[in-house]
Amino acid sequence: MSPEPVPLTRTVAGATGSGVVWTLPAGSGVNVNLVRLEDGEAIAEHVNDVLDVVLVGVSGTVSVSIDGLEVTLEPGALLCVPAGARRAVAARAGAAGYLSLHRERGGLMPRGT
């Protein structure tokens, strides 16, 4: 793995659609995904029973629901979602981008509620 910086804001701005626009290669010990959502698009509510997940706002306004509590994630802000919490993520007022980070674990799949 190269120690090259990743221009997060520029990577999100240069992408289109919703989904993962960059990911750290496997084998580093941590899963890192840069996610972009179009305005109004969302990651449906789900539960990760195994790992805490850290979300970092990169661009736009990201609305995060954790066990029914709505939290706004602005660029530069960090939020920890505890394992076992129900969460949903949505872009508000334009496209938005955020980083999702957690300890590397193969085959991890969130479950719906």
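Quick notes on this one:
- Just one residue in the set Ala83, Ala44, Ala95 is at pLDDT below 95 and under 18 Å from Thr16 (Cβ atoms); that residue is Ala95.
- Candidates are the residues of the range 84-100 that are aliphatic (A, V, I, L, M) and out of contact with any His (no Cβ under 9 Å at 6 or more places or on another chain); the one that is surrounded by the fewest Cβ atoms within 10 Å (Cβ to Cβ) is Ala93.
- Check on Gly76, at pLDDT 95 or above and either of a type in the set (Ser, Thr, Tyr) or surrounded by fewer than 17 Cβ atoms within 10 Å (Cβ to Cβ) (or both): yes
- Residue match in the range 63-70 (condition: at pLDDT 95 or above, touching a Leu at 6+ places or on another chain (Cβ under 8 Å), aliphatic (A, V, I, L, M) and within 21 Å of Ala26 (Cβ to Cβ)): no
- Residues (of a type outside the set (A, V, I, L, M), surrounded by fewer than 15 Cβ atoms within 10 Å (Cβ to Cβ) and in a loop (DSSP other than H, G, I, E, B)) located in the range 4-18: Glu4, Pro5, Pro7, Gly14, Thr16, Gly17
- Under the condition of being under 16 Å from Ala88 (Cα atoms), surrounded by 15 or more Cβ atoms within 10 Å (Cβ to Cβ) and free of Cβ contacts under 8 Å to residues at least 60 places away in the same chain, the residues counted in the range 19-37 number 0.
- Members of the range 22-44 that are assigned to a strand (DSSP E or B) and closer than 22 Å to Arg103 by Cβ: Trp22, Thr23, Val30, Asn31, Val32, Asn33, Leu34, Val35, Ile43
- Within the range 1-14, tally of residues that are without any contact (Cβ under 8 Å) to a residue 40 or more places away in the chain and either within 17 Å of His102 (Cα to Cα) or among the aliphatic types (A, V, I, L, M) (or both): 2
- Just so you know, in the range 45-73 the residues that are of a type in the set (S, T, N, Q) and not in a loop (DSSP other than H, G, I, E, B) include one that is surrounded by the most Cβ atoms within 10 Å (Cβ to Cβ), and it is Ser59.
- Residue in the range 46-57 that is free of Cβ contacts under 8 Å to residues at least 60 places away in the same chain, within 18 Å of Gly97 (Cβ to Cβ) and in contact with a Gly (Cβ under 9 Å, 6 or more places away or on another chain) present: yes
- Extreme residue, nearest to Ser59 (Cα to Cα), among residues of the range 75-105 that are aliphatic (A, V, I, L, M) and assigned to a loop (DSSP other than H, G, I, E, B): Ala77
- Test for Leu37: is it modelled with pLDDT under 95 and within 15 Å of the chain's Cα centre (by Cα): no
The values are calculated or read from the model by the stated rules, or taken from the named source; none is laboratory data. On a predicted model such as this, the values are computed, not experimentally measured, just so you know. Counting neighbours? That spans all protein chains shown, and the Cβs are built from the backbone with ideal geometry, glycine included.
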